[in-house]
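Okay, structure first, notes after.
The values are calculated or read from the model by the stated rules, or taken from the named source; none is laboratory data. Values in this document were obtained by computation on a predicted structure and should not be read as measured data. So basically every Cβ, Gly included, is an ideal-geometry build from the backbone, and we count neighbours across all protein chains shown.
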Amino acid sequence: MILAPLTYAWRMARADAAPLGIIPRGKNVESGEIVTLPTGSQVITWSIGLPAGLRSLTTAPDGGLVTDADGVIRFPLAPADLAATPAKAVMPVAVRITKDDGTGRTVLLGTLELLD
């Protein structure tokens with residue numbers, strides 16, 4: 001069974017440019033519990049369509065995504081990333097997981113809206 005990607009909409013003010021965060025989770029088929037997915041054997045690619053162009057970061061070594069102590073994967077944004085962005089701009093966001101064998105799937109499709 002192929003699952004459709006989740007959707008999510010981030011909204012932020014220009015002055016609040018801070019790392020966005022996600023926690024990759026899934027459902028344990030045996031227990032039915034929601035659990036944090038291990039990321040060691042997978043590469044997560046997170047892309048945002050910024051006005052200057054598509055920016056993609058990964059969890060691969062030196063890929064730019066940072067996982068904090070709580071398991072939150074952070075996409076760093078700087079004020080310079082949003083400087084050319086018009087007010088009320090809506091930018092596409094996608095998160096893809098790729099396994100060691102090269103197979104993968106998009107798990108999240110969303111938007112980032114700049115409020116000001």
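Residue by residue, here is whether (1) modelled with pLDDT of 70 or more; (2) within 13 Å of the chain's Cα centre (by Cα) holds:
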| residue | (1), (2) |
| --- | --- |
| Ile2 | no, no |
| Leu6 | yes, yes |
| Trp10 | yes, yes |
| Pro19 | yes, yes |
| Ile22 | yes, yes |
| Glu30 | yes, no |
| Ile34 | yes, no |
| Leu37 | no, no |
Near pairs, Cβ below 6 angstrom, 6+ apart or cross-chain, from segment 45-62 (closer than 13 Å to Gly104 by Cβ) to any residue that is surrounded by 15 or more Cβ atoms within 10 Å (Cβ to Cβ) and basic (Lys, Arg): Thr45/Arg96
Candidates Leu77, Leu109, Leu65, Leu50, filtered to the one that is farther than 19 Å from Pro24 by Cα, of a type outside the set (Gly, Ala, Ser), in contact with a strand residue (DSSP E or B) (Cβ under 9 Å, 6 or more places away or on another chain) and at pLDDT 85 or above: Leu50
